Amino acid sequence: MSEATGEETEFDCRFCGFGGSESVLDLGTSPPCNDLLSEAALKNPETFYPLHVRRCEECHLVQLPNVVPPEELFSDYRYFSSYSDTWLDHSRRFVEAITKRRNLDKHSKVVELASNDGYLLQYFVERGIPCLGIEPAEKVAEAARAKGVRTESAFFGSTLARELEKREGTADVIIANNVLAHVPELNDFVEGMRILLSNNGTVTVEVPHLLRLLEGNQFDTIYHEHYSYFSLGVLEKLFARHGIPIYDLDELPTHGGSLRLYAAHEDEGRPVSKSVLDVRKQEQRAQLTSNAPYRRFAERVASTKLELLEFLIGVRKSGGLVAGYGAPGKGNTLLNYCGIGPDLVTFTVDRNPHKQGHYLPGSRIPVFSPDRIGEVRPDVVLILPWNIKDEIVRQMDDVYSWGGKFVTAIPELEVLG
């Protein structure tokens, strides 16, 4: 039972306030991607909301309208970063790099926004560098405190920034990794960073790059928690508006291609790096302010849906069993857009015990422990978090011993052998 549907309404751009927008991609309707269901909840209807991405005609920010109440998205958040070994290694290496780059020591202060379960700040704690995490999901924040990471449960913005500045002083480094897309009030969030940043401090932000999303056909990263999809061009306007311009960046492979941005107070006068200039040129060549790349993207998405359905139907017709690996938000976008349920993907597995014993929203596919794969021996394992597919194949390489195959659907259907 999942007939109830939210309504899409007119909206103003969450950055510049302009009221005109153009369609980028319409993925139909979907329930909130992390709203997993208990067995008891299966008898109740789910609310499906429009998942229609649009581009502001004025500033070109690609975004979703605010159709889902934030309290519904984040009240029972089940994403714990520490269940990915790849992500832990990425975070450890970042801490090593930023500590050296900014000469951090016991006299420094680091603040991370959306610090999750302490996956990153734990490495500052190990080094004796004072740090504070800001994490609105209380259950996740508790896991961070258990690691010895001082964590405050709150949503970040200019009001909290002023409170923290008075109570604890300013921060030498402010980290905001993969949170900016989750922020409905962009201007207030970035203004909060400016308020909390010390005079010679650095803001560092990791964000999936819109250009890579389009090139990599990463439409499954579109879901209601991700309000915005950023180009460097828009990000430069956003941070400059609040007096902390971007002066450097790193291009990262994470999440299918991300940008790690560095910003500082305008009066610091830090020169813009060649890396920033190079990405500007990439975006200009891709014509991100025109309609052409978005039309091509929408056509490719439709083709991916057909290819995946044809493959899964073929496996099932031949008597094969298909299981999923992972229960990420991106997987639920893929499954719901393609109309895939337990008839095609019998079950999925996830290392996160907070997801096990539940059912995926919309598709209602059951989630088990990874041990289930070895017990059932499926013919095909569809990897939903394709961004860590190498880690998953290493962990689950027993699948090959019974002739099983791994498959990913993004950027296109691929059988991993």
Study note, to complete from the structure: Arg194 vs (1) touching a residue at least 60 places away in the same chain (Cβ under 8 Å); (2) part of a strand (DSSP E or B); (3) more than 21 Å from Val53 (Cβ to Cβ): all pass except (2)
Practice item. Just one of (1) touching a residue at least 12 places away in the same chain (Cβ under 8 Å); (2) surrounded by fewer than 22 Cβ atoms within 10 Å (Cβ to Cβ); (3) not hydroxyl-bearing (Ser, Thr, Tyr) trips up Gly269, so point out which. Key: (1)
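So in segment 33-48, with the set limited to residues that are open to solvent by 60 Å² or more (accessible area, probe 1.4 Å) and assigned to a loop (DSSP other than H, G, I, E, B), which one is modelled with the lowest pLDDT?
Looking at residues that are open to solvent by 60 Å² or more (accessible area, probe 1.4 Å) and assigned to a loop (DSSP other than H, G, I, E, B), I get Asp35.
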**Study point:** Of residues in segment 388-417 being assigned to a loop (DSSP other than H, G, I, E, B) and without any contact (Cβ under 8 Å) to a residue 40 or more places away in the chain, the one most open to solvent (accessible area, probe 1.4 Å)
**Key:** Gly417
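Somewhere in segment 312-325, is a residue closer than 28 Å to Gln63 by Cα, polar (S, T, N, Q) and open to solvent by 80 Å² or more (accessible area, probe 1.4 Å)?
Narrowing segment 312-325 to residues closer than 28 Å to Gln63 by Cα: none.
Scanning segment 312-325 turns up no residue that is closer than 28 Å to Gln63 by Cα, polar (S, T, N, Q) and open to solvent by 80 Å² or more (accessible area, probe 1.4 Å).
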Check your understanding: Which one of these is under 30 Å from Asp26 (Cβ atoms) and not aliphatic (A, V, I, L, M): His224, His265, His242?
Key -> His224
Review point. How many of the residues in segment 348-387 are farther than 24 Å from Pro411 by Cβ, open to solvent by less than 10 Å² (accessible area, probe 1.4 Å) and either among the β-branched types (Val, Ile, Thr) or free of Cβ contacts under 8 Å to residues at least 40 places away in the same chain (or both)?
Key: 2
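Report, by residue number, each residue of segment 30-39 that is touching a strand residue (DSSP E or B) at 6+ places or on another chain (Cβ under 6 Å) and either within 20 Å of Ser228 (Cβ to Cβ) or among the aromatic types (Phe, Trp, Tyr) (or both). Spell out how you get there, then give the answer.
Going through segment 30-39, the residues touching a strand residue (DSSP E or B) at 6+ places or on another chain (Cβ under 6 Å) turn out to be 30-31, 37.
Within segment 30-39, Ser30 is the sole residue that qualifies.
Go through the residues of segment 328-336 one by one and say whether even a single one is open to solvent by 40 Å² or more (accessible area, probe 1.4 Å) and either within 21 Å of Lys405 (Cβ to Cβ) or within 25 Å of the chain's Cα centre (by Cα) (or both).
Step one: of segment 328-336, the residues open to solvent by 40 Å² or more (accessible area, probe 1.4 Å) are none.
No, that holds for no residue.
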Review point. Give me the pairs: first residue in segment 125-147 and touching a residue at least 24 places away in the same chain (Cβ under 8 Å), second residue of a type in the set (Phe, Trp, Tyr) and open to solvent by 40 Å² or more (accessible area, probe 1.4 Å), beta-carbon distance under 8 Å, and six or more apart or on different chains, which are they?
Key: Pro136/Phe155; Val140/Tyr79
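Those residues that are of a type outside the set (A, V, I, L, M) and out of contact with any Asp or Glu (no Cβ under 9 Å at 6 or more places or on another chain), I need them from segment 225-240; list them, please. If you could, list the steps in order and put the result at the bottom.
In the first step, residues of segment 225-240 are kept if they are of a type outside the set (A, V, I, L, M); the result is 225-231, 233, 236-237, 239.
Within segment 225-240, Glu225, His226, Tyr227, Ser228, Tyr229, Phe230, Glu236, Lys237, Phe239 qualify.
Being of a type in the set (S, T, N, Q) and over 19 Å from Tyr229 (Cβ atoms) is the filter; apply it to segment 272-302 and report the residue that is most open to solvent (accessible area, probe 1.4 Å). Step through it out loud before you land on a result.
First pass over segment 272-302, keeping only residues of a type in the set (S, T, N, Q): 273, 275, 282, 284, 287, 289-291.
Of the ones still in play, those that are also over 19 Å from Tyr229 (Cβ atoms) are 273, 275.
Details: Ser273: 26, Ser275: 48 Å².
In this case the residue turns out to be Ser275.
If you scan segment 60-93, which residues turn out to be assigned to a loop (DSSP other than H, G, I, E, B) and either at pLDDT below 85 or charged (D, E, K, R) (or both)? Give the steps one after another, and end with the answer.
Residues of segment 60-93 assigned to a loop (DSSP other than H, G, I, E, B): 60-61, 64-69, 75-80, 84.
Answer for segment 60-93, where residues must be assigned to a loop (DSSP other than H, G, I, E, B) and either at pLDDT below 85 or charged (D, E, K, R) (or both): Asn66, Val67, Val68, Pro69, Ser75, Asp76, Tyr77, Arg78, Tyr79, Phe80, Ser84.
Only one residue in Glu57, Glu96 is modelled with pLDDT of 95 or more, surrounded by fewer than 19 Cβ atoms within 10 Å (Cβ to Cβ) and closer than 25 Å to Ile388 by Cα, so which one is that? Before the answer, list the steps.
Values: Glu57 fails: closer than 25 Å to Ile388 by Cα.
On inspection, the qualifying residue turns out to be Glu96.
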Check your understanding: If only one of Ile195, Ile129, Ile174 is out of contact with any strand residue (DSSP E or B) (no Cβ under 9 Å at 6 or more places or on another chain) and within 24 Å of Ile98 (Cα to Cα), which one is it?
Key -> Ile195
Check your understanding: Can you tell me which residue in segment 245-258 is farthest from Ser84 (Cα to Cα), limited to those that are touching an Asp or Glu at 6+ places or on another chain (Cβ under 7 Å) and open to solvent by less than 20 Å² (accessible area, probe 1.4 Å)?
Key -> Ile246
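The values are calculated or read from the model by the stated rules, or taken from the named source; none is laboratory data. Everything numeric here is computed off the predicted structure, so don't read it as measured data. Every residue, glycine among them, receives a Cβ derived from its backbone with ideal geometry; neighbour counts consider all protein chains shown. What goes into the accessible areas is simple: the full protein's heavy atoms, side chains included, and nothing from ligands, DNA or RNA. Shrake-Rupley method; radii C 1.70, N 1.55, O 1.52, S 1.80 Å.
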